[in-house]
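One structure is given here, and the rest of the page talks about it.
The values are calculated or read from the model by the stated rules, or taken from the named source; none is laboratory data. Please read all numbers here as calculations on a predicted model, not as lab measurements. Don't worry about glycine lacking a Cβ; one is built from the backbone with ideal geometry, like all the others, and counts go over all protein chains shown.
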Amino acid sequence: MEKILLRNIDAPDSRTLAVYRARGGYRALEKVLSEMTPERLIDEIKASGLRGRGGAGFPTGMKWGFVPKDSPKPKYVVCNADESEPGTFKDRLLIEKDPHAIIEGTIISAYAIRSHTAFVYIRGELVFGASVLERAIEEAAAAGFLGKNILNSGYDCDLILHRGAGAYICGEETGLLSSLEGGKGWPKVKPPFPATHGLFGCPTVVNNVETLASLPWIVNEGAARYVAIGTEKSKGTKLFSVSGHIKRPGVYEVDMGYPFKKFLEEDCGGVANGKKLKGVIPGGASMPVLRADELDGVTMDYESFQAAGTLLGSGGVIVMDETTCMVRAAWNIARFFAHESCGQCSPCREGCHWMEKIFQRIEQGEGKPGDLDLILSVSGNIMGNTICPFGDAAAMPAAAFIKKFRAEFDRHIAEKRCTVSAGQ
Amino acid sequence: MEPVKISIDGREIATEKGKTVIQAAADAGIAIPHYCYHPKLAIAGNCRMCLVEIEKMPKLQIACNTQAAEGMAVKTQSPKVLEARRAVMEFLLINHPLDCPICDQAGECSLQNYYMKHDLSASRFDERKEHERKREIFGPYVVFDGERCIKCTRCVRFLQEVTRTDELTVVNRGDHSTIALFPGQILDNPLSVNVVDICPVGALTDRDFRFKVRVWYLKKTPSICPGCSTGCNVSVESYQNRIARFKPRVNEEVNSHWLCDEGRYCFHSLTEGERLTAPMIRQEGGLAPTDWDTALQAVIAGLGAALPMAAVLSGRNTNEEAFVFARLIKKLSPRAALEVFYRERTLTEVEKVLKSPDRSPNFRGARDMGVGSENSFEPLMSDLIAGKFRGAYIVGEDLASLADLADLAGDGGKIQAALARLSFLVVQDTRLTPTAKLAHVVLPATHFGEKEGTYTNRRGRVQQLNAAIVPPAGALQDWEIFSRLLAAAGERSLFASPAEIFAALARDIPAYRGLGYENIGECGIQLEAGQP
């Protein structure tokens, strides 16, 4: 498998401009600025089939195409580096090891929509990453890849690094924009969409770190080569960050369509300590969990995960072995979402906490008959009825844990204790 | 606007492109339940109560943020919609204290009303409720209960968009989200109590009104605020013949949905205090009660012998009263100085959203009726102080207590002294004011809340005043006093009601020609531009 995203990370000092350039860095930007119109660039990215790597998987070229060409307002590009999804740490690796790929991708994205101001919104906790990016932006600016008249092309673009203040919801693109505007990180009611009314009411594209970091390779090698990798609807490579009860946790770059079971057993070395696999969340904490017996034939791409009843999401693979109490795992995730709900709309504000309280009660041996159906009902009432996808992100795992491990939940309620975990 | 047709619950509705589904439905008389939506505020979309089903859309959509498009088919009563509504009600109530028995909003609470209509199921919430701040004083008139709050942010948006004073915001996350004052702020802008009106629940209540009356006992009388000449439409809400509160009535031509704090509470100073219940006449040893016939005869005789005379009508008197007053004064002394009370003050930017610079709600109407003219009230006061009059007839204004008349370089003391020097002074008012105490004859009258008639606001809109409460026995309506005095002075035509007077003024006053008293309705009639 060819490395597209992780091609530079093992090189010594990969985060410096010198090493990045020595490895072919900023050639894509030169090519774009000297040879391609924004329209051709958008067509090329559309042809590559690249889909947003933040979780939703929306086609990147199409997203750019929604930005009105004739708007008199300034246009903005925002690199979403607010990676906060539990179990997800792929963007962090790119930020710390290959910041120039992100910067180059961001300038390419800005050029595509004729924007002259771009932002990187980085998660507040990524203090080291922010310092790496800041240094890289300074280097890029000093070398003429940012600022006025980039590479004598007449194209101007500034890149501004902005650190978040610690809220999961600021990774949601409109929550991010509210925060970047200086307000509370509240997602915006849609429509209108960011493509026409984004940052400060101006046309805006928000792209994930991994999406942007894919662009230089696609521009250099051509869409045809990218399309050749992957499946019919999932093109190219994808980063997966693997954590939990696994022998070799870490970030892996995988061709879309790679067999999931093989990935876990061979690439990641299988479940740690010789234990048996119980369940795995393939796309970050907000995605439905799969049981070990559901993995046969599942491949690592948008359509196969969807067919299996879950979603690719951010590619945060969380592995749970046979000693894991699924009640406790579900409560853990529910507690996270209750804590991170922004509180703006009623179903999420009230429902996330309600589910968390019931999970907690069950876990602590105070569950009652009917509790599970109540959680399913509450999650169903949140699902699809909120301002932003956070509601679904909280509702989906709650329902999935109960549906997939119902017997264990029932036993936990009946016996008023955990019957799985050692030492519980 | 481009006309489009949509269907709501199978009913075809003609509306305009760009209108939201909730507006189009409201125009067609279909109520879609909502909390955060307010027609005069930006869309927040946070309560999720207005979720409706729209054909070809997989998810339910909020009606407040969905624009009507040709052929759109909306369902507001499908099983999916009804269940979503019930679910939103359930979410809003799980942490609500359910303290309706001690909540002032009970009876006019959207949580109560929608629960009865869209939920009616027992609580499934068996956990500990979250607690929040209680009884927090936000400002001089507004108190906050964080547990009743549903975070619809109407109050926050009102203060951002209408007053632009930004006192409130939402702090914290999740179910700890709550409305709070910005540090160092108090909610004391001149329109602050509107946040109580638009709060759909009992989170923001009116400190002046709360705990006084349960709202279902209130008698609601549509009327006009007497605070200034903007003429805000109000509902005068009374209990046991006392005014308990004003609430704004919607009139897009005048006050939209709003009412200023000063206007809202002006009824206290205008209606409270010991009332006059019999005419009084000056005798040795002071004012003594007398009967109406004696008092009215004394007025005719006294004023006739005290020329030149000044006559001052209150800016709160109606058009009908002004019309008869003008006729009376001209009968008594054709050369009398006749004025309506009018003074201006400087307004702040926020006050200008609603307020007019005066405190004379009907100064324009009174002038239309022939009582006074522009820039002539203060010169009349100067003449009074200069001793140019021997007699005066003052209606409804406590001139002796007037302080700092800016361009008179004097104070109330001078006016008081001038009034005391008059050889004959008639004062018609509701209470024994310092001015009334100087009078030779005092006539007990009524205030705005007890009378019917019309006011003409600053912009020339004729609006209807209605009697919310009944005056005390012994007092007479101002128009009736003037009418009886006219009779005592020898005029034959006696009016029997404000409606009859209006008919007469609609014949005599050119700008009002053709207006019908019964056509004024609850929103008033605009006089044609260009006419006085």
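Assorted remarks:
- Scanning region A:380-400 for residues being within 19 Å of residue B:90 (Cβ to Cβ) and away from chain B (no Cβ under 11 Å) gives a total of 3.
- Counted residues, region A:368-379 - those being in contact (Cβ under 8 Å) with a residue 24 or more places away in the chain and either farther than 17 Å from residue A:289 by Cβ or within 8 Å of another protein chain (Cβ to nearest Cβ) (or both): 4
- Flag for residue A:365 being at positive phi, surrounded by fewer than 23 Cβ atoms within 10 Å (Cβ to Cβ) and within 11 Å of chain B (Cβ to nearest Cβ): no
- Given (1) crowded, with 19+ Cβ neighbours inside 10 Å; (2) without any contact (Cβ under 8 Å) to a residue 24 or more places away in the chain; (3) within 14 Å of chain B (Cβ to nearest Cβ), index of the condition residue A:187 fails: (2)
- Just one of the listed residues (B:115, B:141) is away from chain A (no Cβ under 12 Å), hydroxyl-bearing (Ser, Thr, Tyr), surrounded by 15 or more Cβ atoms within 10 Å (Cβ to Cβ) and within 26 Å of residue A:352 (Cα to Cα), and it is B:115.
- Of the numbered criteria (1) at pLDDT 95 or above; (2) within 14 Å of chain A (Cβ to nearest Cβ), the one residue B:18 fails is (1).
- Complete set of residues in region B:51-74 that are facing chain A (nearest Cβ under 9 Å) and assigned to a strand (DSSP E or B): B:51, B:62, B:67
- Check on residue A:334, assigned to a helix (DSSP H, G or I), more than 7 Å from every other protein chain (Cβ to nearest Cβ) and touching a strand residue (DSSP E or B) at 6+ places or on another chain (Cβ under 7 Å): no
- Count - residues of region B:150-191 that are part of a loop (DSSP other than H, G, I, E, B) and away from chain A (no Cβ under 11 Å): 16
- Conditions (1) surrounded by 17 or more Cβ atoms within 10 Å (Cβ to Cβ); (2) over 25 Å from residue A:43 (Cβ atoms): number failed by residue A:302: (2)
- A single member of A:231, A:237 is within 19 Å of the chain's Cα centre (by Cα), more than 30 Å from residue B:169 (Cβ to Cβ) and among the β-branched types (Val, Ile, Thr), and it is A:237.
- Which numbered condition residue A:327 misses (of (1) in a helix (DSSP H, G or I); (2) away from chain B (no Cβ under 14 Å); (3) surrounded by fewer than 22 Cβ atoms within 10 Å (Cβ to Cβ); (4) out of contact with any Lys or Arg (no Cβ under 6 Å at 6 or more places or on another chain)): (3)
- Taking the criterion of being more than 27 Å from residue A:280 (Cα to Cα) and not hydrophobic (A, V, I, L, M, F, W, C), the residues of region A:330-359 that qualify are A:343, A:344, A:346, A:347, A:349, A:350.
- Residue B:247 assigned to a strand (DSSP E or B) and touching a residue at least 40 places away in the same chain (Cβ under 8 Å): yes
- Residues within region A:220-251 that are assigned to a strand (DSSP E or B) and exposed (fewer than 15 other Cβ atoms within 10 Å of the Cβ), tallied: 1
- Some residue of region A:347-358 being outside any loop (DSSP other than H, G, I, E, B) and more than 9 Å from chain B (Cβ to nearest Cβ): yes
- Qualifying residue in region B:362-376 (condition: farther than 28 Å from residue B:490 by Cα, at pLDDT below 95 and either small (Gly, Ala, Ser) or not in a loop (DSSP other than H, G, I, E, B) (or both)): yes
- Looking at B:57, B:49, just one residue is more than 15 Å from residue B:34 (Cα to Cα) and not polar (S, T, N, Q), and that residue is B:57.
- A single entry from B:164, B:154, B:173 fulfils the requirement of being among the basic types (Lys, Arg) and buried (at least 23 other Cβ atoms within 10 Å of the Cβ): B:154.
- One residue from B:133, B:124, B:85 being within 11 Å of another protein chain (Cβ to nearest Cβ) and either assigned to a loop (DSSP other than H, G, I, E, B) or farther than 30 Å from residue B:210 by Cβ (or both): B:124
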